[in-house]
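The values are calculated or read from the model by the stated rules, or taken from the named source; none is laboratory data. All figures in this text were calculated on a predicted structure; none of them were measured in a lab. Cβ atoms come from the backbone with ideal geometry, glycine included; neighbour counts cover every protein chain shown. With ligands, DNA and RNA removed, areas are computed over all heavy atoms of the protein, side chains included. Shrake-Rupley method; radii C 1.70, N 1.55, O 1.52, S 1.80 Å.
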Amino acid sequence: MFQKIIAPSIRELFIRQIQEMILSGELLPGDRMPTERELADEMNVSKTVVHEGIRELCRMGFLDVASRQGVTVADYAQTGNVETLLAIMRYRGGHLDPKTAESLLAVRLYIEGPALRKLAENHTAEDVLLLRSLRDAAACAPDPEAVADAFFRYHRTVAFLSGNTLTPLIFNAFSPISRMVWVNYLRIFGVDACLRQLDAFTDAVEEGNGERAYGMLWEGLVEYAARAGVPFAERRTELMDS
């Protein structure tokens, strides 16, 4: 089925150009931006486009508006949010720099590791059936993006079933990034191997073996990091103890 081709708006093109100038280093933190009128004239767009674009870039942590100083380039590493991270990934062609990738893997271990342990200790038969149905949905997904989405939903469900009300919200906040990472994970390991991993996770939960489930999560993250060139394995002791 052919997909609709949707051209970006002038506002989106304005935002994208400023983002790229910041991410490439052409604009540096602390640099003062031209006035809205100057930007509109130089870029041949309306002042409304510039005003709305700057407001969006401020919300994403790329720009900062301060009285008397005008608009300046922000240090997005400190002021950014999940959307900032998505913009960085798009700029890098869907990839993260090694340090950010390492941090993302660590966050997943911190969140999902305890969830697996807790679910293994307190699961019901219905929980196990739900996990197996999500695994089957992943096996039947029609394309790589749908498979990645199914894997994301399996692991988010683990967090939900563990009983912690915040961890599913964190999963949802990072869902666009997680899905992009899952596409890469599936490409590296292959769908069949990843499906076997879901079977093993579900078996461990059903057996009440939270330590085994946690260990499999750790080992999978370490192997992914090694294949993706992310310096993660050397932090094993630190992460396991935390």
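Would you confirm whether any residue within the stretch 156-174 is of a type in the set (D, E, K, R) and surrounded by fewer than 20 Cβ atoms within 10 Å (Cβ to Cβ)? Quick ask: steps written out before the conclusion?
Of all residues in the stretch 156-174, those of a type in the set (D, E, K, R) come to 156.
Next, from what is left, pick out any that are surrounded by fewer than 20 Cβ atoms within 10 Å (Cβ to Cβ): none.
The answer is no; no qualifying residue exists.
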With (1) out of contact with any Ser or Thr (no Cβ under 8 Å at 6 or more places or on another chain); (2) of a type in the set (A, V, I, L, M, F, W, C); (3) buried (at least 17 other Cβ atoms within 10 Å of the Cβ) as the list, and Phe152 as the residue in question, which single condition is left unmet? (1)
Please state which one of Phe151, Phe160, Phe201 is touching a Cys at 6+ places or on another chain (Cβ under 7 Å) and assigned to a helix (DSSP H, G or I). Phe151
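If I go through the stretch 84-94 residue by residue, how many of them are touching a residue at least 60 places away in the same chain (Cβ under 8 Å) and open to solvent by 40 Å² or more (accessible area, probe 1.4 Å)?
Step one: filter the stretch 84-94 for residues touching a residue at least 60 places away in the same chain (Cβ under 8 Å), giving 85-89, 91, 94.
Then drop every residue that is not open to solvent by 40 Å² or more (accessible area, probe 1.4 Å), which leaves 91.
Final tally of qualifying residues: 1.
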Does the stretch 85-100 contain any residue that is among the polar types (S, T, N, Q), at pLDDT below 85 and within 23 Å of Leu166 (Cα to Cα)? yes
Looking at this structure, is Pro8 modelled with pLDDT under 85 and not hydroxyl-bearing (Ser, Thr, Tyr)? yes
Inside the stretch 32-54, the number of residues satisfying the requirement of being exposed (fewer than 13 other Cβ atoms within 10 Å of the Cβ) and among the charged types (D, E, K, R) is 4
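Among the helices (runs of 4 or more DSSP H) confined wholly to the stretch 17-99, which include 3 or more residues that are closer than 28 Å to Pro176 by Cα and not charged (D, E, K, R)?
Values: elements: 36-43, 47-59, 76-79, 82-91.
Because the criterion is at least 3 residues that are closer than 28 Å to Pro176 by Cα and not charged (D, E, K, R), the helices (runs of 4 or more DSSP H) in the stretch 17-99 that meet it are 47-59, 76-79, 82-91.
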Is it fair to say Glu238 is assigned to a helix (DSSP H, G or I) and at pLDDT below 90? yes
Looking at this structure, is Glu126 open to solvent by 50 Å² or more (accessible area, probe 1.4 Å) and farther than 17 Å from Tyr185 by Cβ? yes
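Pull up the stretch 178-190, narrow it to residues that are aliphatic (A, V, I, L, M) and within 13 Å of Asp149 (Cβ to Cβ), then point me to the one that is surrounded by the most Cβ atoms within 10 Å (Cβ to Cβ).
Residues of the stretch 178-190 that are aliphatic (A, V, I, L, M), as a first pass: 180-181, 183, 186, 188.
Of the ones still in play, those that are also within 13 Å of Asp149 (Cβ to Cβ) are 180-181, 183, 186.
On the way: Met180: 18, Val181: 24, Val183: 17, Leu186: 19.
Among them, the one singled out is Val181.
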